[in-house]
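**Student:** Next up is a structure, given as structure tokens.
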Amino acid sequence: METGNSAAFASLFFPAAGALEFVKGLPLDHERIGELEAEAMVNPFLPAFAPRVLWRQLAGGWLLIGFQGLTATPWAWFADDSDHLEPVAAALSQLSLLPAPDAVQLTPWDRWGEYCDPAHEGLLTGDRLVHSDPAATNFMVERSGRVWMIDWAWAMRGPAWIDAALWGFRLVLDGKQSVEDAARWARTIPAFAKAPREGVRVLAEAEARSWEAWREHGMTELDETITAARAWAAHWR
């Protein structure tokens, strides 16, 4: 795998008989094992553009999950002239309409609340299914234009506009778009077009603060990410 750091093992399998499979796994004592378990748990409730879980196996102190394999781009291209933007926006629009299943209890406040004023919790409360990490590396695009959205370990319940707001930040970071162009693309998603500006501001500011906190904790090579997050947050002040 060329990207991603949430699995200790991740590989494509080409069975002699049967369809392509993608397998990833973690030791059971790994600090991120809960994320892999959460991804397997939520899978039956996900939309059709999420690859299906085919099997789950405990073996040798590891949890291994087999997913539907894909023949597609390694990730989506988010530049302002990309033909991936419209199908990605369409997928995010569809996702914004889906209610969160009862099995999904993680909320935006769980993730970003420590970077917010407590009075703003209501702005980040909702009942829609949220992916919460619409980075370019979490979308795969087939030659036909069909989009797949992968890595649902952080699925949560929240307002319908949250993924579009986070996508705007990713268009700036991953696609090197201007904040104005990123905002224009985000507004093509109806849920975002109707979002409260104060809610978008609170989320964008919290996302920027979260990356700054990661740098303070010792994570390196975050300057570009923080610059993009700060630019996106400033646009909504």
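The values are calculated or read from the model by the stated rules, or taken from the named source; none is laboratory data. Computed from a predicted model, the values in this text were never measured in an experiment. Every residue, glycine as well, gets a Cβ built from its backbone with ideal geometry; the counts of neighbours run over all protein chains shown. Each accessible area value is taken on the protein alone, full model and side chains, heavy atoms only, with ligands, DNA and RNA left out. Shrake-Rupley method; radii C 1.70, N 1.55, O 1.52, S 1.80 Å.
**Student:** What percentage of the solvent-accessible surface of the chain, computed with a 1.4 Å probe over protein heavy atoms, is contributed by carbon and sulfur atoms?
**Tutor:** Working: 6250 of 11690 Å².
Whole-percent figure for carbon plus sulfur exposure: 53.
**Student:** By average Cβ neighbour count within 10 Å, what is the ranking of 23-29, 135-141 from highest down? Spell out each step's value before the answer.
**Tutor:** Numbers: 23-29: 16.7, 135-141: 21.1.
Listed from highest to lowest mean packing, they are 135-141, 23-29.
**Student:** Can I ask one more? What would the Debye formula give as log10 I(q)/I(0) at q = 0.12, 0.22, 0.27 Å⁻¹ for the alpha-carbon point model of the stretch 165-237, no solvent?
**Tutor:** -0.30, -0.90, -1.23
**Student:** Using the basic label-point model (7 angstrom from Cα toward the beta carbon), what is the Ser178 to Arg237 distance in nanometres?
**Tutor:** According to this spin-label approximation, the distance is 1.9 nm.
**Student:** Something else: Provide the packing ranking of 163-176, 53-66, i.e. peptides ordered by the mean count of other C-beta atoms within 10 Å per residue, highest first.
**Tutor:** The most tightly packed comes first, giving 163-176, 53-66.
**Student:** Here is a further query. Calculate the tail of P(r) for the chain: the fraction of all Cα-Cα distances greater than 32 Å, expressed in %.
**Tutor:** The proportion of pairs with Cα distances above 32 Å equals 18 percent.
**Student:** Would you work out which of Trp161, Gly25, Ala135 lies farthest towards the positive end of the dipole of the chain, given +1 charges on the beta-carbon of Lys and Arg and -1 on that of Asp and Glu, about the Cα centre?
**Tutor:** Trp161
**Student:** Using the crude model of +1 on Lys and Arg Cβ and -1 on Asp and Glu Cβ, and no other charge, please compute the dipole size for the chain relative to its Cα centre, in debye to 20.
**Tutor:** 540 debye
**Student:** Looking only at Asp127, Asp110, Asp181, which one moves most when the chain is put into a Gaussian network model with springs between Cα atoms under 10 Å?
**Tutor:** Asp110
**Student:** Still on this structure, please answer the following. Averaged per residue, what accessible area in Å² does the stretch 79-212 show with a 1.4 Å probe, protein chains only?
**Tutor:** That works out to 41 Å² per residue.
**Student:** Select from the stretch 104-168 those trypsin sites (Lys or Arg not before Pro) which occupy a DSSP coil region and have at most 13 other Cβ atoms within 10 Å, ordered by residue number.
**Tutor:** Arg143
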